[in-house]
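The values are calculated or read from the model by the stated rules, or taken from the named source; none is laboratory data. What you are looking at is a predicted structure, and each value in this text was computed from that prediction instead of being measured. Cβ: placed from backbone, ideal geometry, glycine included. Neighbour counts: every protein chain shown. Each accessible area value is taken on the protein alone, full model and side chains, heavy atoms only, with ligands, DNA and RNA left out. Shrake-Rupley method; radii C 1.70, N 1.55, O 1.52, S 1.80 Å.
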Amino acid sequence: MNALHSPHRTKPTAASLASLSSELIERFGDRVVMSEAVREQHGHSLTWVKNQPPDVVAFPRTTEEVSEIVKLCARHDVPIVPFGTGTSLEGHINAPFGGVSVDMSLMKRIVALHDEDLDCVVEAGVTRKELNEHLRDKGLFFPIDPGADASIGGMVATRASGTNAVRYGTMKDAVLSLTVVMPDGEVVKTASRAKKSSAGYDLTRLFIGSEGTFGIITEITLKLHGIPEAISAGICPFPSVKAACDAVIMTIQSGIPVARIELLDELQVKAVNLHSKLTLPESPLLLLEFHGSVAGVQEQAERFGEIAAEFGGGPFEWATKPEERSRLWQARHDAYWAARGLRPGAQSVATDVCVPISRLAECVDETKRDILQSGLIAPIVGHVGDGNFHVQPLVNMDDPAEIEACEAFVDRLVRRALAMEGTCTGEHGIGQKKMKYLEIEHGPAALALMRALKQAIDPHNIMNPGKIVAL
């Protein structure tokens, strides 16, 4: 654990793979799969990085089985890539050095529910929708909502966020403790269930956002919330993206405790209408949701309506029935697939940045002009309550000039956000595609510290190599 240098990662030899595969099959039987179709499924996320399949896919059922798999891989010096549901966007689950994909989908237990303490313990393969279905009868919910029905383990590993982040925070705010299998197979628990602690280093947050490069997360202790007494949602069109962003900025600065405040530009609204069979006004649009008491929700909505009017927004239309709200937010969550429908056959290049809220309108407005000048088809959607927005260029992968134009645009987008004291990614993570921006954002000393942590925790560089930091 104290090695100063990790070896340069190479693909495992045929002999080591054959030996490892034999041992895995002997131990786990048909839960070890090497068919081409399954391997390709586990070597590609929702990204334009080419498919890089693992050599083997293993399906453990318990933390102890994960530990056994890791110990075998460590003994044979074979890379390990943890796999949740495969919905990540920056190449997190690709296997550039081959190895074993450890698929957590069979680890579905809700280990414990402490409703009086507003927390629960779940295995990594439980998805957010499965968890909320289980919690509903207790009057509780888990608020982190990245859109996709991602696994909780994957959400921790990528420090996921989503539509509720403006009110409830991100995964770093939602996790109390983790159980992690380390690169040597040792099992570590990072904290207790206490709501706060000053006992030693904050190991929990060391693993949140580590993208599987430090270990495999197998169990998570999560904070929960009571289902609000009243929930109201609505839509509000604006004359321009800048006007919508300015309204968001004033809403947040005014202290209105909005639960969700999402931006769709006019192109994204058009895509959503076509995909979800809606009739939303095809102009820049804010989707909002308020949580609280009946009186509190009404007051929040009225105050927002006044702010929107100052920026030419309106009319503010309510979705009062639960089924109407669900349809509206499902359409928002389907925005990725809706956008792809604007240009069938094109590859989606979804990317995100995040800036301080005071710079949001400026950043989005400059990005809109950049898209126009680049000649790209690239709808914008964002969790703008915390300054985070997504751009989704649709690219003809048979046109080298178009690929080059898209890559140049994404580079400008990231550098624009960094120049505004933002970040290269608000929630997608680094994976493979954004590694080159880490030093620009954090500086060489911080990047060296990240490498030192990786080398100390994973001296043989077997945990998801080729992601976050290059060794």
Please find, among 113, 203, the residue that is surrounded by fewer than 24 Cβ atoms within 10 Å (Cβ to Cβ), more than 21 Å from the chain's Cα centre (by Cα) and of a type in the set (A, V, I, L, M). 113
Return the total of residues in the range 216-240 being among the hydrophobic types (A, V, I, L, M, F, W, C), over 25 Å from the mean Cα position of the chain (by Cα) and in a loop (DSSP other than H, G, I, E, B). 1
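Conditions tested, residue by residue: (1) under 20 Å from residue 157 (Cα atoms); (2) at pLDDT 95 or above.
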residue: 13; (1), (2): no, no
residue: 33; (1), (2): no, yes
residue: 41; (1), (2): yes, no
residue: 48; (1), (2): no, no
residue: 55; (1), (2): no, yes
residue: 61; (1), (2): yes, yes
Within the range 28-85, considering residues that are among the charged types (D, E, K, R) and closer than 16 Å to residue 98 by Cβ, the one nearest to the chain's Cα centre (by Cα): 50
Matching residues, the range 267-286, being touching a helix residue (DSSP H, G or I) at 6+ places or on another chain (Cβ under 8 Å) and without any contact (Cβ under 8 Å) to a residue 40 or more places away in the chain: 279, 282
Pairs, first touching a residue at least 60 places away in the same chain (Cβ under 8 Å) in the range 12-23, second part of a helix (DSSP H, G or I) and not hydrophobic (A, V, I, L, M, F, W, C), C-beta under 6 Å, six or more apart: 16/76; 20/76
What are the residues in the range 355-369 that are surrounded by fewer than 22 Cβ atoms within 10 Å (Cβ to Cβ) and not in a helix (DSSP H, G or I), if any? 356
Name the pairs whose Cβ atoms lie under 7 Å apart, with the first residue in the range 245-263 and under 13 Å from residue 300 (Cα atoms) and among the acidic types (Asp, Glu), the second open to solvent by less than 20 Å² (accessible area, probe 1.4 Å) and assigned to a loop (DSSP other than H, G, I, E, B), and 6 or more positions between them or separate chains? none
Here are some conditions: (1) open to solvent by 10 Å² or more (accessible area, probe 1.4 Å); (2) assigned to a helix (DSSP H, G or I); (3) modelled with pLDDT of 95 or more; (4) in contact with a helix residue (DSSP H, G or I) (Cβ under 9 Å, 6 or more places away or on another chain). Residue 166 meets all but one. Which one does it not meet? (3)
